[in-house]
1. Looking at region 501-511, is at least one residue among the charged types (D, E, K, R), surrounded by fewer than 14 Cβ atoms within 10 Å (Cβ to Cβ), under 30 Å from Glu218 (Cβ atoms) and more than 16 Å from the ligand (Cβ to nearest atom)?
2. Looking only at residues that are assigned to a helix (DSSP H, G or I) and among the aliphatic types (A, V, I, L, M) in region 318-335, which one is most open to solvent (accessible area, probe 1.4 Å)?
3. Which one of the conditions (1) more than 30 Å from Gly808 (Cα to Cα); (2) out of contact with any helix residue (DSSP H, G or I) (no Cβ under 6 Å at 6 or more places or on another chain); (3) more than 16 Å from the ligand (Cβ to nearest atom); (4) open to solvent by less than 20 Å² (accessible area, probe 1.4 Å) does Gly108 fail to meet, given that it meets all the rest?
4. Quickly run through region 649-702 and pick out the residues that are outside any helix (DSSP H, G or I), more than 18 Å from Ile779 (Cβ to Cβ) and within 16 Å of the ligand (Cβ to nearest atom).
5. Looking at region 493-526, which of its residues are among the charged types (D, E, K, R) and in contact with a strand residue (DSSP E or B) (Cβ under 9 Å, 6 or more places away or on another chain)?
6. Any residue that is more than 30 Å from Asp272 (Cα to Cα), without any contact (Cβ under 8 Å) to a residue 60 or more places away in the chain and more than 16 Å from the ligand (Cβ to nearest atom) - is there at least one of those in region 152-168?
7. Mind listing whichever residues of region 13-57 are open to solvent by 30 Å² or more (accessible area, probe 1.4 Å) and either among the aliphatic types (A, V, I, L, M) or touching a Cys at 6+ places or on another chain (Cβ under 7 Å) (or both)?
Amino acid sequence: MITISKKKFKHAFKSKMYSLYAQPVEEASKDEIFRVLCCVIKDFIAKEWVGTRIDKEKAVFYFSMEFLIGRQLQSNLLNLDVEHEIEEGLKELGIDLNEIIETEPDPGLGNGGLGRLAACFLDSMASVGISGHGYGIRYKYGLFEQKFVNGSQVELPDNWLKNGQYPWETVRPNRAVVVKFEGDAYLKQRADGNLDVVHENYIPVMAMPYDIPIIGYENHCINTLRLWKSEILNRDFSEVNKNAKNQNGSYEDALKYKYYTEEISQVLYPNDSNYAGRLLRLKQEYFFVSAGLQDIIRKCKKNKVSMRDLPKKVAIHINDTHPTLCIPELMRILLDEEGFSWDEAWDITTRVMSYTNHTILAEALEKWPVEMMKKLLPRIYMIIEEIDRRYVEYLQSKYHDDWGKINYMRIINNGEVRMAHLCIRGSHSVNGVAKLHTEILKHEELKDFYNDEPYKFNNKTNGIAHRRWLMSCNKELSDLITELIGDGWKKDTSKLKDLEKYLDNKKVLDRVGEIKYNNKVKLADYIYEKQGIKVDPNSIFDVQIKRLHAYKRQLLNVLHILYLYHEILDNPEFEIIPRTFIFGAKAAPGYYLAKCIIKLINSVADLINNDPRVKDKVKVVFIENYGVSIAEKIIPAANVSEQISTTTKEASGTGNMKLMMNGAITMATMDGANVEISERVGKENMFIFGLNAEQVLEYNKCGGYSSKDLYHSDRKIKRVVDDLINGFIPGLGKDGIAIYDSLITYNDEYFVLRDFYSYIKAQKSLQELYRNQDLWNKISLKNTACSGFFSSDRTIEEYINDIWFKEGER
Ligand code: 26V
């Protein structure tokens, strides 16, 4: 283990301050202190950060367009087990570590669940000690910064790199590779009769790797997240220059070329549900896939791994369909550069690749126009065409003339390349991210594929890095747990179960309540400081934090708030335990309805928070710019976890797991991983409501229920819906009309009104439970005790055993 004594640390810190900034510690700004601290830590780990060790063990490469890693300082200190020494050392230098932790920028290189899951997986791969690495894009601008102006969302660029350099990264110019776009690709007959592949007049783009260390928990294992930046190719790659366009052209051409290359890693697409078929997005996808694969092949060669043995040494994971091009790119390398036959190359490729599906929303499925792909990636398109041709041949041999089925399943159809189909065909494993989601994939969305190759399909219920989401963000609770059951749970979260011994221990339950209260005070301070709203830490903190999307039904939550407001106005004696409703959510910039819902929540907040008749019994807070760092403040303070998606629509959810682990009680539909949560904690220890999966699927088959009938037949429903359009909510304006239309004119696609009463009823029972603080704290502790299953260490072990490693490979 790396050991850093306080003395050694202080010495290193002071001298690093001089070498970087030529000044003594006393003169340094917080940002400078932060940067120096990062350098000192990087120096300490330098010897142990050795790369992939592919000669000795099999390596996993996790390809993802998004890695939402969050701040690294605290997590690195924790995993290196040096937090105490460094905190004390800094204190002696007059520096408060917590303040420095807060100055770190939060790299927003992801949209939400999928990107955060990738980050938790990196943490777990390092912590269980496998050689598992991430490949992604070093976006200059991450997910936009959200501001509210008159209650509406406004997006500002997320300039996380500020002065150009992220202190945790190391650039490795000697590992740069060239990615080729456009040009002409064709087969040419050689004198001996064999075919050569020619790709000429292409546009070369340089992929520059920036490495971030991923430190395992107390285990010496340091892996790498390698993010690629796109740059112009300005060195003498003579081989490349021979073939490439734009190397000797005009000044204008040079500018165009510069723009063409640099644009690729400029900005993360802020949309996580609506696939738009943009050329730049396809460029991004091929850019990092090709760079990553060339890098892997280079590593293998350096370590004398024969290409035939690739599946024994390398597992490549495709995180949703965005890195699908891994499949044809590996085929290209094996066919064109390594001289394999098609069948050999295909066998190697499918044994290396595995794929995770993260959504069944039809609008998120990637389908690229053939013409676009042909022009941008001529050689890759030829290979996809051949994969499709052979697939059709295979399907025909099996299903004969059932062209309905064949056309439905094939990869290229109607002038589009369907990425999910390519992934399924080109991988040996296809997994969903929670039980229900996987069942829906097998029996509904992908049923033809499942019936055809059932052995490929499996479930891997998501998980979360408990080190970040409990040990770091909720130290007080973490210390209490250790005091009660020892610290074995930190490396084996199934031991959290031992907390059940204390479920009837009044003293322990009081401490659980006290810790929650302390966390609520901290959050209340943050809310006051940032948004000027006073909230009462004695009220119930009811939290819904996730991307804004119609299917996630923030609207149901706010309609319930309006319902309570009416009840209070109707009857000043209305019995209600004071509640603070806390929202955090970003809407995709082009998602109109989602933005209207943001405006609605903010307008309702304004109305209710300032109405003296409410007497502070209800407060509504929409926390601006929700992201990883803000989640770390909200989650430990939550009493209630709102997981209220339309059943079948949320593939898994991971916020639900974080909140449960921190002792929040879940209000949920039986959707995604809420099902597994209920299996672990018991239905009696959560609040379940709403249509179940069969009912939703049934309704969807027959066009839904009639929201108009329900609206006209129920006074209370009509009242809250009418609030959207009758001026009851000041400032809402036309945004209310769009929401009204989604519910009434367009027949409430997400069953908001259909589930309304069921939700209200569940909310009433929740309030009753809160009256009994002992019982509430008991259930809160029970939630933590039963949350061990949701550590991503468990998830990663399952990926290792069932997908990435065969017997003897670990
Ligand atoms: C989709 C698209 C569509 C095209 C434009 C860019 C873009 C970017 C991201 C995505 C991913 C959407 C899928 C996703 O994030 N799914 C979430 O994955 C979580 C981790 O498995 C899971 O917990 C959530 O339930 C699921 O919604």
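The values are calculated or read from the model by the stated rules, or taken from the named source; none is laboratory data. Being a predicted model, the structure only gives us computed values, none of them experimental. Don't worry about glycine lacking a Cβ; one is built from the backbone with ideal geometry, like all the others, and counts go over all protein chains shown. Side chains included, ligands, DNA and RNA excluded: accessible areas come from the protein's heavy atoms. Shrake-Rupley method; radii C 1.70, N 1.55, O 1.52, S 1.80 Å.
1. Keep residues of region 501-511 that are among the charged types (D, E, K, R), which gives 501, 504, 506-507, 510-511.
Next cut, surrounded by fewer than 14 Cβ atoms within 10 Å (Cβ to Cβ) only: 501, 504, 506-507, 510.
From what is left, the residues that are under 30 Å from Glu218 (Cβ atoms) are 501.
The next check asks that each one be more than 16 Å from the ligand (Cβ to nearest atom); those that pass are 501.
For region 501-511, residues among the charged types (D, E, K, R), surrounded by fewer than 14 Cβ atoms within 10 Å (Cβ to Cβ), under 30 Å from Glu218 (Cβ atoms) and more than 16 Å from the ligand (Cβ to nearest atom): present.
2. The residue in question is Leu335.
3. (3)
4. If we filter region 649-702 for residues that are outside any helix (DSSP H, G or I), which is where we start, we get 649-654, 662-673, 682, 686-692, 702.
Next, from what is left, pick out any that are more than 18 Å from Ile779 (Cβ to Cβ): 649-654, 669-673, 690-692, 702.
If the condition is that a residue be outside any helix (DSSP H, G or I), more than 18 Å from Ile779 (Cβ to Cβ) and within 16 Å of the ligand (Cβ to nearest atom), then Lys649, Glu650, Ala651, Ser652, Gly653, Thr654, Thr669, Met670, Asp671, Gly672, Ala673 are the ones that fit.
5. If we filter region 493-526 for residues that are among the charged types (D, E, K, R), which is where we start, we get 495, 497-498, 500-501, 504, 506-507, 510-511, 514, 516, 520, 522, 525.
Answer for region 493-526, where residues must be among the charged types (D, E, K, R) and in contact with a strand residue (DSSP E or B) (Cβ under 9 Å, 6 or more places away or on another chain): Lys516, Lys520.
6. If we filter region 152-168 for residues that are more than 30 Å from Asp272 (Cα to Cα), which is where we start, we get none.
No, there is no match, as no residue in region 152-168 is more than 30 Å from Asp272 (Cα to Cα), without any contact (Cβ under 8 Å) to a residue 60 or more places away in the chain and more than 16 Å from the ligand (Cβ to nearest atom).
7. Selection gives Lys16, Leu20, Ala22, Ala46, Val50.
Every residue, every condition in (1) more than 30 Å from Asn602 (Cα to Cα); (2) crowded, with 17+ Cβ neighbours inside 10 Å, yes or no:
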position: Tyr699; (1), (2): yes, no
position: Lys708; (1), (2): no, no
position: Tyr746; (1), (2): no, no
position: Glu749; (1), (2): no, no
position: Phe756; (1), (2): no, yes
